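The values are calculated or read from the model by the stated rules, or taken from the named source; none is laboratory data. Everything numeric here is computed off the predicted structure, so don't read it as measured data. Because the Cβ atoms are built from the backbone with ideal geometry, glycine has one as well, and the counts that use them run over all protein chains shown. Please note that ligands, DNA and RNA were not included when accessible areas were found on the heavy atoms of the full protein model with its side chains. Shrake-Rupley method; radii C 1.70, N 1.55, O 1.52, S 1.80 Å.
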Amino acid sequence: MKLTYQPFELLLKHTFTIAKFSRTSTPVMLVQVAHEGQIGYGEASMVPYMGESFQTATDFLGKVDAAQFKYPFDFEAILTYLDDIMPGNSAIKAGIDIALHDLDGKLRQKPCWQLLGSDPANMPLTSFTIGIDTPEVIIQKVKENPDCKIIKVKLGRDSDKDLINTIRTVTDLPLFVDANQGWTDLQQSLDMTHWLHEQGVLLIEQPMLKTDPDSNAWLTERSPVPIIGDESVQRLGDVEKAKGVYHGINIKLMKSAGMYEAHQMINKARQLDLKIMIGCMSETSCATLAAAALAPQCDWADLDGPFLTSNNPYQMPNFSEGKWILNNDNGLGIKV
Ligand code: MG
């Protein structure tokens, strides 16, 4: 088993602004695991606010002994091994886990989605995110993505209603809203959920601070629109805590340390009767295909990473009528 990696600066098409920051690129570590003539591809997308970087990923990878990855893979044991090396570092752990899943599919000669029990017929529509911007740029972004069937909007500023009104001048597509913890006043937030409901909003992500479950729970109890925990839900242990606080959770491979634990989180959320959204960071086709392999088991998908970047090192996977199309290739189906 041979583990190699390469830093890659993934460029964003548009400067990305959410409630708390702006940026123009994302550091990504491209991971490869080779075994018996096959190569598994993985990716760690290290958005700055999650605390990982080329340096932390390189340090972590320097401590990983690929001889520990015995085939056939025991993904639970592998994740325990990675967690024992160091806590946190969930993106680079995901990079390794995704590469091993891709390799596993290639060695077993089956697509990952099939090995994970997904039915491609249940693939949900993927939303396209539009950052906070001037009305002209927003209108241009909406027009740039004709395949888009759901728009995701980042809110959390005083001009939230203006932004929605601007979008409504160009399209009546359904909307996802992500407040990224930007809402503070309870009554104003509740009024906003009702207003957004009238505007065709299907869900609201992380309205209030992740550290304030009481306020999020208060809003969840009253909101006509499903409230989804994102920043507050990182790994498997957080799913149970989301019950009663949110209607559902947003699972991202870069938070869950990869596909194995994301799948466990899906199963746990179903047991608890929580709704499930599967999301992404700024990512290449690699991590997007990994999430797409699990997406048919989720209610909503927000897997627009490759559409928002300009130097994806892999081919764009097939996308049609607002949905990713899973192919029958072994592994993740990445085309290099
Ligand atoms: Mg979010």
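Below are the figures for this structure:
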read-out: Failed criterion for Ser282 (all others in (1) buried (at least 20 other Cβ atoms within 10 Å of the Cβ); (2) at pLDDT 95 or above hold); value: (2)
read-out: Any chance Gly333 is buried (at least 20 other Cβ atoms within 10 Å of the Cβ) and at pLDDT 95 or above; value: yes
read-out: Residue in segment 118-133 that is part of a helix (DSSP H, G or I) and under 16 Å from Thr288 (Cα atoms) present; value: yes
read-out: Positions within segment 141-161 being farther than 18 Å from His194 by Cβ and either in contact with a helix residue (DSSP H, G or I) (Cβ under 6 Å, 6 or more places away or on another chain) or more than 16 Å from the ligand (Cβ to nearest atom) (or both), in sequence order; value: Lys141, Val142, Lys143, Glu144, Asn145, Pro146, Asp147, Cys148, Lys149, Asp158, Ser159
read-out: Entirely in segment 5-110, the helices (runs of 4 or more DSSP H) that have 3 or more residues that are closer than 17 Å to Leu289 by Cβ and open to solvent by less than 30 Å² (accessible area, probe 1.4 Å); value: 90-108
read-out: Some residue of segment 251-274 being within 16 Å of the ligand (Cβ to nearest atom) and of a type in the set (S, T, N, Q); value: yes
read-out: Val153 being assigned to a strand (DSSP E or B), touching a strand residue (DSSP E or B) at 6+ places or on another chain (Cβ under 8 Å) and either hydrophobic (A, V, I, L, M, F, W, C) or assigned by TED's automatic domain parsing to the domain that holds Tyr41 (or both); value: yes
